[in-house]
Amino acid sequence: MKKPLRIGLIGYGFMGRAHSNAFAQVNHFFDLEHQCVLQAVCARDGNKVKGFADRWKYNSVETDWRKMIARDDIDLIDIATPNNLHAEMAIAAAKAGKMILCEKPLGLNGREAEKMLAAVTKAKVPNMVWYNYRRCPAVTLAKQLIDEGRLGRIFHYRAKFLQDWTINPELPQGGAALWRLDIKAAGSGVTGDLLAHCIDTALWLNGGIKEVTAMTETFIKERKHNLTGKVEKVGIDDASAFLARFNNGSLATFESTRYARGHKALYTFEINGENASIAWDLHDLHRLQYFDHSDKGAVRGWRNIHVSDNGDHPYVGNWWVPGLQLGYEHSFVHQVADFVKGLETGKPAGPTFRDGLATDYVTDAVLSSARSGRWTKVKQVK
Ligand code: NAI
Ligand code: SOE
């Protein structure tokens, strides 16, 4: 008999669906001692949340997240709401003794994330941040190759995350679907939204970042606000780029924008080491590019590894026969599987709130450097 893990989801938008799918799938594909139970979903509109619950087979609904957190038939609170709600919800959930999965970025800034980390530490509740790209099998394979020492000394880290959906100056800011353009709801623009993913992966693969120098730009200075109906100043960064020095001595460049016409979600990274290099592209997420300088000269070149061998590649053995592809949604299933395994082994899987705080410290330093025009030290998590 499996132990029930009763989930209370807050927010039924894009991530509410991705997470619900992961909770629903995970026990079909991974051997776990726990059974995920879709116990309750919460959002403010009673009719809509009922429709969502029927579609995904949640056992109950709530329209007030505080009531859901107070329920004693829920073990885990999953936060899939806009960024400005993460801290309040996570701190309340920790106080109620619930395990917490929280969407990224952890807080609106490092100060908020510090309070969130303090709350889960005090309550001793398991916690995780949904930086899901770590669990695309090709990215996990990159981590394995680096940990095996195949790259040797790392010289360079290069990452970018490009989109193009806010170029239209008529696009309003704020409210449902457009909260990412509202500084109050989002905390920042592409720095906290897109670069945060690049930073989380980078910290995982290449260790801590020591200092950064950054520039940001807001191309469209004013937009109509959906909540007030007035044209208001835009407070978010539309584009953000920075140089960084890692603690291991390697140099890095990071770039993100929502103004790269033609790009919808081009997240790429490349790492160059003394002995080997690796590169990954979200648009071709099941492949890892790998160059190994120790290959014999005549056949030396970039290998294009289709990460689909169920004997050798991470997570793949839990799915289909070799050669078949996994996609975006699988990264969320893998994250739930690892979180639950962490409960069972007592070895918590990352990224935890501590890791989420580390990323928020980097985004804080990026925004601060963009304001001052100076190299800025990154606060390190104690
Ligand atoms: P969304 O706008 O699609 O959904 C947000 C949901 O929050 C909606 O269902 C809304 O009704 C609900 N909500 C808002 N205020 C609420 C309240 N007071 N009480 C209860 N529910 C409330 O947003 P999306 O895209 O799902 O983003 C949510 C979070 O997930 C954000 O923090 C975002 O940064 C993150 N995200 C992460 C991704 C990843 O790759 N890991 C991908 C997309 C989003
Ligand atoms: C923005 O469009 C967005 O949905 C981000 O919020 C996510 O974190 C990213 O994974 C995809 O793009």
Inset, instruction - Quick one: which residue in K377, K347 is of a type in the set (D, E, K, R), at pLDDT 95 or above and touching a strand residue (DSSP E or B) at 6+ places or on another chain (Cβ under 8 Å)? - result: K377
Inset, instruction - Within region 44-60, identify whether any single residue is among the β-branched types (V, I, T) and under 24 Å from the mean Cα position of the chain (by Cα), and answer yes or no. - result: no
Inset, instruction - Of all residues in region 166-186, count the ones that are surrounded by fewer than 21 Cβ atoms within 10 Å (Cβ to Cβ) and either out of contact with any Pro (no Cβ under 9 Å at 6 or more places or on another chain) or in the same structural domain as P105 (by TED's automatic domain parsing) (or both). - result: 11
Inset, instruction - Collect the residues in region 294-332 that are within 16 Å of ligand 2 (Cβ to nearest atom) and either in a helix (DSSP H, G or I) or touching an Asp or Glu at 6+ places or on another chain (Cβ under 7 Å) (or both), keeping them in residue-number order. - result: Y328, E329, H330, S331, F332
Inset, instruction - Please go through region 350-374 and pick out each residue that is of a type in the set (V, I, T), touching a strand residue (DSSP E or B) at 6+ places or on another chain (Cβ under 6 Å) and either surrounded by 24 or more Cβ atoms within 10 Å (Cβ to Cβ) or part of a helix (DSSP H, G or I) (or both). - result: V362, V366
Legend entry - Extreme residue, nearest to ligand 2 (Cβ to nearest atom), among residues of region 176-185 that are out of contact with any Leu (no Cβ under 8 Å at 6 or more places or on another chain) and aliphatic (A, V, I, L, M): A177
Inset, instruction - Test D292 against the criterion of being among the charged types (D, E, K, R) and under 15 Å from Y157 (Cα atoms), and give yes or no. - result: no
Inset, instruction - Find all pairs meeting these conditions: Cβ atoms under 7 angstrom apart; at least six residues apart or on different chains; first residue within region 337-361 and under 17 Å from I79 (Cβ atoms); second residue surrounded by 20 or more Cβ atoms within 10 Å (Cβ to Cβ) and of a type in the set (V, I, T). - result: P351/V129; F353/V120; F353/V129; D355/V129; G356/V129; T359/I199
Legend entry - Of residues in region 213-244 being over 16 Å from A186 (Cβ atoms) and within 22 Å of the chain's Cα centre (by Cα), the one farthest from ligand 1 (Cβ to nearest atom): L243
Legend entry - Residue satisfying condition, being within 16 Å of ligand 1 (Cβ to nearest atom), within 19 Å of S372 (Cα to Cα) and part of a helix (DSSP H, G or I), within set T201, T191: T191
Legend entry - Residue satisfying all of: in region 246-284; closer than 15 Å to L195 by Cα and hydrophobic (A, V, I, L, M, F, W, C); nearest to ligand 2 (Cβ to nearest atom) among these: A265
Legend entry - Selection from region 136-183 of residues that are among the β-branched types (V, I, T) and more than 30 Å from N275 (Cα to Cα): T166, I167, I183
Legend entry - I236 being in a loop (DSSP other than H, G, I, E, B), farther than 27 Å from L151 by Cβ and touching a Lys or Arg at 6+ places or on another chain (Cβ under 8 Å): yes
Inset, instruction - Take region 145-175 and flag every residue that is within 14 Å of ligand 2 (Cβ to nearest atom) and either in a loop (DSSP other than H, G, I, E, B) or at pLDDT below 95 (or both). - result: Q163, D164, W165, T166, I167, L171
Legend entry - Single residue of region 161-180 satisfying the filter (touching a His at 6+ places or on another chain (Cβ under 9 Å) and free of Cβ contacts under 8 Å to residues at least 60 places away in the same chain) that is nearest to ligand 1 (Cβ to nearest atom): G175
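The values are calculated or read from the model by the stated rules, or taken from the named source; none is laboratory data. Note that the coordinates shown come from a computational prediction; the quantities given were computed from them, not determined experimentally. All Cβ positions, glycine included, derive from the backbone under ideal geometry; neighbour counts span all protein chains shown.
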